[in-house]
Amino acid sequence: MEEFISGSIAETEEIARCIAEKLQNGGFLALYGEMGAGKTAFVRGLVKALCPECLDIVHSPTFAIVNEYAGREITIYHFDFYRLTDEDDLLSTGFYDYIGNGSLVITEWSELFENAIPENAVKLFIEIAGDNKRRFTLC
């Protein structure tokens, strides 16, 4: 387990860059944290590190459910489970088809579908620790 503290968006992006090194060959990253914790800001930093050519299109996939960032060296699928209500909703996204195909899958609101998170997933818990302060715990 590793812990990081951020006091700014720039520091959050630096934390994301450090974690990106562990994910550069794909895999699964499950994000946990309440509304406004900084999940999307973190993903923006991760994309900046892994697919800098895609940085301009990074935004929350809350309404789209999944965003694709196709870089030169890796493709990232960024899911947001917030608006999904049950397993049928999750299945309708084709979610399980994205896992294990050499890309990086990132999920926000992972706690809503914990049974869908692979056992070997990297888990990142983001907590609000003050007005501009965030605690990132990597498991």
| said: Out of everything in segment 1-53 that is more than 25 Å from residue 116 (Cα to Cα) and of a type in the set (Asp, Glu), what residue ends up being surrounded by the most Cβ atoms within 10 Å (Cβ to Cβ)? | reply: 13
| task | Please list, ordered by first then second residue, the pairs with beta carbon atoms under 6 Å, 6 or more apart or interchain, first in segment 19-38 and more than 14 Å from residue 78 (Cα to Cα), second hydroxyl-bearing (Ser, Thr, Tyr) and outside any loop (DSSP other than H, G, I, E, B). | result | 38/12
| task | Quick one: in segment 23-46, of everything that is of a type in the set (Gly, Ala, Ser) and at negative phi, which residue is farthest from the chain's Cα centre (by Cα)? | result | 37
| request: Output the residue which, of all residues in segment 100-116 that are in contact with a helix residue (DSSP H, G or I) (Cβ under 9 Å, 6 or more places away or on another chain) and farther than 17 Å from residue 39 by Cα, is surrounded by the fewest Cβ atoms within 10 Å (Cβ to Cβ). | output: 115
| query | Looking at segment 80-89, which of its residues are surrounded by 11 or more Cβ atoms within 10 Å (Cβ to Cβ) and over 11 Å from residue 66 (Cβ atoms)? | reply | 82, 83, 87, 89
| request: Would you please list the contacts, defined by Cβ atoms under 9 Å and residues six or more apart or on different chains, that run from a residue in segment 110-139 that is on the phi > 0 side of the Ramachandran plot to a residue that is surrounded by 13 or more Cβ atoms within 10 Å (Cβ to Cβ) and modelled with pLDDT of 95 or more? | output: 130/7
| field | Filtered residues of segment 3-44 (kept if assigned to a strand (DSSP E or B) and modelled with pLDDT of 95 or more) | value | 3, 4, 5, 6, 28, 29, 30, 31, 32
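The values are calculated or read from the model by the stated rules, or taken from the named source; none is laboratory data. Just so it is clear, the model here is predicted, and its values are computed rather than measured. Heads up, the Cβs are rebuilt from the backbone with ideal geometry, glycines too, and the neighbour counts pull from every protein chain shown.
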